[in-house]
Amino acid sequence: MRKQRKKQSGYNLFSVMGRLYKAAFTECPVRMLIYSLVLFANGVIQIVITWGTEAFFDSVSLGAREGAIRPTVVFTFLFLIAAILSNHILNGCDNYLGTSVHVVLIGKFEKCMHKKAVKLDPILFEDTAFLDHINKAFQGSGVEGCTFVLEAFMVVMFSQVPYMILMSIYLYTLNPVLSLCIFLVFVPVVIAQYIRLHVFAKLEDETVPYRREYDCYHECVTGRDYFKETRMLGAYRYFSDLIRETIEKINGRAWKCYGKMAGLEILMRFITLLGYAGVLLLLVYYVINGSIGVGAFAAVFSSIAVMFDMIESAVGQQLGGAFEKMGMVTNYMRFLDMEEMQGEEADVDYSKGIQLQDVSFSYAGSEEMAVKNVTLTVKNGETLAIVGENGAGKSTLVKLLIGLYRPAHGEVRIGQVNTKNTKMPCYQRKISGVFQNYQKYKMTLEDNIIISAFNDQKPGKIDQILEKVDIDINGGDYPKGTDTVLSTEFGGTDISGGQWQRVAIARGMYKEHEIIVLDEPTAAIDPLEEYALYNRFRAMAKDKTAILVTHRMGSCKIADRIVVMDEGQIVEEGTHEELMNRNGKYKEMYAAQAQWYH
């Protein structure tokens, strides 16, 4: 608890900005260093221009009194022109380097998030609270999050703050009261923006669930996988109403936040105006009573608009925008600090098979066990089928068997390695699978398959896999062969559900494996075609450990052994013939399904 409290309190403004700057500096150190120096020089040059203006007007005033052009007039004039020219050059460098750094960092923070996600426990992705959290983190990793905030604070800290400090020192040398006016203008505005930080951080936390709802409803109306059914059923109005209600919830909370900040913004503008007027009046007063010279008056007068524009930009725009986004960035940092899956390195001997000993498992937020006290051994080279009604725990058992989930009780050993205390990549290195909700990547046929082992490509291997799963690349379905893009959205072609299933199975088979899982991936294939595909699969999986999950009982005949699940437990186990002779759950399911084929 103490460690957690310490972590939560570590997300203050400077620690977050320090981490962002370090990450950016690691990604592009030379650009970040040059950009930081240019920003600093851009702030300093403004003071140089102010000082040069004072020197130039003083030399001109002195020359006017003497009735002659002194050498100092020429020198100060050239100095002032050089300073102004340098200012324009630095502004150009600032814009170029800022854009350059921005482009480099666009994907940097998302990349860090992706690397983190693969190190987290997969069971987290079943938790609604975690899905909200990852949505917030994703918002923080984007262009409007980390990149925007980092660039804003770099401009403020490296350019505008040094300018304010140097300008305050310059004004203090003229008269301490002038620098006090700047201080009184700057501090209240910073306080207002600090309040803004907390207000919008709260807004981000409140709106994330509604934003996820909006994305879901929006996809139902416009998504390629949904629009046909939405149109056919006339459900557009239904989803449109849900979208409108969700937007109203988001906007309602946003309006409350903006309403709270409106008063502070008005107060900020009023204080800025008072400071501006105060400095002007003081300048007039001090030049009349002789406290400051004409050169100093001209310098400050010409710089005062720049100075207050700088305050407006630094506090009202840069800091204001950054504080508004800081809630998202903090959520991103919290995501990066989440506890990763722990474990040790280990060598896995897949010939030892898989053993489950008294294994139980439940999902977050559920009191009921999805798998209860299961003890099971899967031998090396065995083809095991897992059957059962919907909700029986089949898919959960499979995820435990391959170490994707870790049990709440009991042990799962893959090749004698305990999944609880071993790093996941160690035992999943030679495990492959095809799941019911396989992905349809909008890429070429070849990319869709080699994605499972892109760093282990072998000549001719993809052609062998395609032939085994009965994909004919010379037919009309794949006009460009393996280079055919499987999406009309990117100038490619559409293929049927059955063809997609073959692609998914080819993807799973392409990866070098000792254990492979087929978790109901053949729903769109008719029973006869499915049976033929499973027979080809069995031939491909010869001498490999194979686990099948299917609703179609006839396909189980290819398995060496069948496990029947009911309410999270194994209720029967044996071959097809053995189970048919027992008159138990398996035979009941088989008979119920067989009647549809008579």
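Within the chain, what whole-number % of the accessible surface is contributed by carbon and sulfur, with the 1.4 Å probe and all protein chains included in the calculation? The computed percentage sits at 58.
Any idea what the relative contact order of the chain is, in percent, if you count C-alpha pairs under 8 Å spaced at least 6 apart? Result for the chain is 14 percent.
Whats the longest run of the chain with zero GluC sites (Glu not before Pro) that are DSSP loop and have at most 15 other Cβ atoms within 10 Å?
By the stated rule (loop sites, at most 15 other Cβ atoms within 10 Å), 1-338.
Compute the distance from the alpha-carbon center of region 277-295 to that of region 150-179, in whole Å. Computed from Cα coordinates, the inter-centre distance equals 20 Å.
Under the rule a/c < 1.5 gives rounded, and otherwise a/b versus b/c splits prolate from oblate, where does region 334-386 land using the Cα gyration tensor? Present the calculation step by step, with values, prior to reporting the outcome.
Values: a/c = 2.91, a/b = 1.28, b/c = 2.27.
The shape class here is oblate.
Using the Cα centre as the reference, give the magnitude of the dipole from point charges on the C-beta atoms of region 344-384 (Lys, Arg: +1; Asp, Glu: -1; all else neutral), rounded to the nearest 20 debye.
Values: 3 positive and 8 negative charges, 53 e Å.
Here region 344-384 has a charge dipole of around 260 debye.
Toward the positive end of the charge dipole of the chain, with +1 on the Cβ of Lys and Arg and -1 on the Cβ of Asp and Glu, the farthest Cα among F537, M307, L120 is that of M307.
For the chain, which DSSP H helices look membrane-span-like by this rule: Cα extent along the axis of 15 Å or more and mean Kyte-Doolittle of at least 1.6? Result, helices passing both filters: 294-311. Based on the alpha-carbon gyration tensor of region 94-186 and its eigenvalue square roots a ≥ b ≥ c, which shape applies: rounded if a/c is under 1.5, prolate if not and a/b is larger than b/c, or oblate? In terms of gyration-tensor shape, prolate.
In region 98-139, the ratio of gyration radius to Kirkwood radius, Rg to Rh, stands at 1.12 when only Cα atoms are counted.
Counting only DSSP H runs of at least 4 residues, each contributing -39500 (n - 2.57), and dividing by the residue count of the chain, the helix-based mean residue ellipticity at 222 nm comes to -20000 deg cm²/dmol. Shape of region 343-453 from the C-alpha gyration tensor: oblate (a/c of 1.5 or more and a/b not above b/c, with a ≥ b ≥ c the square roots of its eigenvalues). The structure-derived value of Rg/Rh (Cα atoms, Kirkwood Rh) appears in the list (1) 1.03; (2) 1.06; (3) 1.14 under the label (3). Taken about its Cα centre, region 451-502 carries a charge dipole of about 180 debye when Lys and Arg each add +1 at the Cβ and Asp and Glu each add -1 at the Cβ.
The values are calculated or read from the model by the stated rules, or taken from the named source; none is laboratory data. Everything quoted here is computed from the prediction, not taken from an experiment. Positions of Cβ are generated from backbone atoms using ideal geometry, with glycine treated the same way; all protein chains shown enter the neighbour counts. What goes into the accessible areas is simple: the full protein's heavy atoms, side chains included, and nothing from ligands, DNA or RNA. Shrake-Rupley method; radii C 1.70, N 1.55, O 1.52, S 1.80 Å.
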